[in-house]
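The values are calculated or read from the model by the stated rules, or taken from the named source; none is laboratory data. Being a predicted model, the structure only gives us computed values, none of them experimental. Methodologically, a virtual Cβ is constructed for each residue, glycine included, from the backbone with ideal geometry; neighbour enumeration extends over all protein chains shown.
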Amino acid sequence: MAILITGASSGFGAAMAQTFVQAGYLVIGTARRGEKLTDLQVRLGDRFQPIVMDVCDKESVQAALLHIQTLPEKFQTIDCLINNAGLALGLDSADKANFADWETMIHTNIIGLSYLTHQVLPKMVVNKRGYIINIGSIAGNYPYFGGNVYGATKAYVRQFSLNLRADLHGTGVRVSNIEPGLCEGSEFSNVRFKGDDERAAKLYEYANALTAQDIAETALWLYQRPAHMNVNTIEVMPVSQSFAGLQVHKDVPPPPPAPELPVVVETPSVAAAQSEQGFLGKLASLFK
Ligand SMILES: NC(=O)c1ccc[n+]([C@@H]2O[C@H](COP(=O)([O-])OP(=O)(O)OC[C@H]3O[C@@H](n4cnc5c(N)ncnc54)[C@H](OP(=O)(O)O)[C@@H]3O)[C@@H](O)[C@H]2O)c1
């Protein structure tokens, strides 16, 4: 029986492949960059089998699953699928974001993950055992500026995981969603900032972020729980990361009203004129 890990060419996936192999398990690691997978196999040995696969391409997924059936028999049954391949692209507000980036995130994080799960699940149900571990994100739980579609794809992963639990009732198949917070040691931000490595590095500076190894050990811990125990979701953050308050936008206050100018009376009113006449008349009568 083997663990199938998507996105094994870097970051969490590579760390999980290494951690599971070192714990004695058989791992099939997939990704688009075959050379990175080959490097990993050189390090990990025959307990790791690399397969090039693009989760966004159904034919590529089908070919990879057929390839698994040609591996030594001990790799042919997938006991655990770790849906880790995923990405964020851009951090612009929704009105400025690139729509092609949105499509890529939806295709990879939602459709790719769903398609592979759909392909792998039936055999797990027949075997009455198996485990789907999805890699969600805290971005699926808490909105943040520029998180728009990335966060929405991870909210999908969260709800999909919970709904799988409902559908798999009584089958013995387990489902967990790992929701990591800020985590360094992967290519996540380099990909998000499209090769602006300086901007990516700045994000983690002095942050004491989680590491890919922390997530790998979380996945191993989940897999090693007894068969009767299911952790539905596990949200993990570095201690340095916590919650910000809700933001309130305040309009610029309108300018204060102009002070009222005193009314300049150019022509004396009739009453004033009368009283003036009366006063002058009275004054004149004094000198008569
Ligand atoms: N790092 C974080 O702070 C963080 C936090 C929360 C959640 N996550 C999630 O954790 C997962 C792993 O991310 P990471 O941090 O380890 O980033 P990473 O180093 O960039 O790893 C992403 C992996 O996904 C693979 N991938 C991307 N698109 C693919 C596609 N179309 N087909 C097949 N494989 C594809 C990449 O391999 P190829 O490019 O070789 O195909 C790579 O191996 C992602 O789902 C991410 O959303 C990360």
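Laid out as a table, the results:
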quantity	calculated
Qualifying position, being under 27 Å from F20 (Cα atoms), in contact with a helix residue (DSSP H, G or I) (Cβ under 9 Å, 6 or more places away or on another chain), of a type outside the set (S, T, Y) and at pLDDT 95 or above, among A152, A227, A201, A139	A139
Residue count for region 155-168, restricted to those that are out of contact with any helix residue (DSSP H, G or I) (no Cβ under 7 Å at 6 or more places or on another chain) and either of a type in the set (K, R) or at pLDDT below 95 (or both)	1
Strands (runs of 3 or more DSSP E) enclosed by region 1-102 - at least 1 residues per element that are hydroxyl-bearing (S, T, Y)	2-6, 26-31
Single unsatisfied condition, V149 versus (1) buried (at least 19 other Cβ atoms within 10 Å of the Cβ); (2) farther than 17 Å from G7 by Cα; (3) within 9 Å of the ligand (Cβ to nearest atom)	(3)
Selected residue [over 26 Å from E59 (Cα atoms), within 9 Å of the ligand (Cβ to nearest atom) and either among the hydrophobic types (A, V, I, L, M, F, W, C) or without any contact (Cβ under 8 Å) to a residue 60 or more places away in the chain (or both)] from L168, L182	L182
Test: residue in region 111-123 that is within 23 Å of R192 (Cβ to Cβ) and among the charged types (D, E, K, R)	no
Hits in region 108-133 - residues which are among the β-branched types (V, I, T) and part of a helix (DSSP H, G or I)	T108, I110, I111, T117, V120, V125, V126
Residue, surrounded by the fewest Cβ atoms within 10 Å (Cβ to Cβ), within region 185-196, restricted to residues that are assigned to a loop (DSSP other than H, G, I, E, B), touching a residue at least 12 places away in the same chain (Cβ under 8 Å) and not basic (K, R)	E187
Region 1-39, subset hydroxyl-bearing (S, T, Y) and within 12 Å of the ligand (Cβ to nearest atom), residue surrounded by the most Cβ atoms within 10 Å (Cβ to Cβ)	T30
Residue in region 40-57 that is away from the ligand (no atom under 16 Å from the Cβ), among the basic types (K, R) and surrounded by fewer than 22 Cβ atoms within 10 Å (Cβ to Cβ) present	yes
Leading residue by the ranking (farthest from the ligand (Cβ to nearest atom)) among those in region 68-94 that are farther than 16 Å from G130 by Cα and among the charged types (D, E, K, R)	E73
